[in-house]
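In what follows, a single structure is set out as structure tokens and then discussed.
The values are calculated or read from the model by the stated rules, or taken from the named source; none is laboratory data. Computed from a predicted model, the values in this text were never measured in an experiment. In this analysis, Cβ positions are derived from the backbone assuming ideal geometry, glycine residues included, and neighbour counts consider all displayed protein chains.
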Amino acid sequence: MTKKIALDLDGVVFDSETLYRVYTEIYDIDKFHKNSLIDNKKRTFQERYSWDKETQGRFYKEYASTVLKSANIMSGAEVVLKRLLKHQAYEFIIVTARSEAEIQICKNKLAEIGLANIKIYHSKIKKIDTLIEEHIDVIIDDDEKICKEASNHSIKHYTLKMLQLMR
């Protein structure tokens, strides 16, 4: 029986989190000439800076494609995904908040690691509905809130922290 695995992109397949940190620092200094950082330990730029929603949106619109084009595949992700694909016991889908316009960049990068024909659900801020509709067995996401919600619906979940501890 095939297991269905849902993957997030940023911070799971693509090593984009470091780039977001760099570009948010640049943006903050260039646009505001100050440091608006609240808590550098937070995972997302929206949580790290004291920017309003409009500023967050402007930053994302200006830098999201640049970050995606520059991002490498996460260390180890290519090896693990190719190995799992060989067994044909797993079906992968992507569930991401990325916009439709950004998906072509994603598809090109995914093709490089053998995932050219992967089903992608984009613009999904609330992922749980897609996970349930697709009868997902496992989700790998870097957002602990999403993983907890999946767990509440009997979907196994792994965060990057969990996978790193399993090594």
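Residue by residue through region 25-56, note down the ones that are of a type outside the set (Val, Ile, Thr) and in a loop (DSSP other than H, G, I, E, B). Once the filter is applied, which keeps residues that are of a type outside the set (Val, Ile, Thr) and in a loop (DSSP other than H, G, I, E, B), region 25-56 yields HIS33, LYS34, ASN35, SER36, ASP39, ASN40, LYS41, LYS42, ARG43, SER50, TRP51, ASP52.
Rundown of residues vs (1) touching a helix residue (DSSP H, G or I) at 6+ places or on another chain (Cβ under 8 Å); (2) assigned by TED's automatic domain parsing to the domain that holds LEU7; (3) surrounded by 18 or more Cβ atoms within 10 Å (Cβ to Cβ), yes/no style:
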{"position": "GLU54", "(1), (2), (3)": "no, no, no"}
{"position": "GLN88", "(1), (2), (3)": "no, yes, no"}
{"position": "HIS135", "(1), (2), (3)": "no, yes, no"}
{"position": "ASP142", "(1), (2), (3)": "yes, yes, yes"}
{"position": "SER154", "(1), (2), (3)": "no, yes, no"}
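For SER151, the criteria (1) under 16 Å from the mean Cα position of the chain (by Cα); (2) under 22 Å from ARG43 (Cα atoms) hold in every case but one, which is (1).
Checking the conditions here, which among ALA64, ALA6 is assigned to a strand (DSSP E or B), in contact (Cβ under 8 Å) with a residue 24 or more places away in the chain and either within 30 Å of TYR90 (Cβ to Cβ) or among the basic types (Lys, Arg) (or both)? None of the others qualify; the one that does is ALA6.
The residues listed here are VAL13, VAL67, VAL80; of these, the one that is within 16 Å of THR159 (Cβ to Cβ) and surrounded by 15 or more Cβ atoms within 10 Å (Cβ to Cβ) is VAL13.
Listed by position, the strands (runs of 3 or more DSSP E) inside region 67-167 whose residues that are free of Cβ contacts under 8 Å to residues at least 40 places away in the same chain number at least 2 are 119-121, 156-158.
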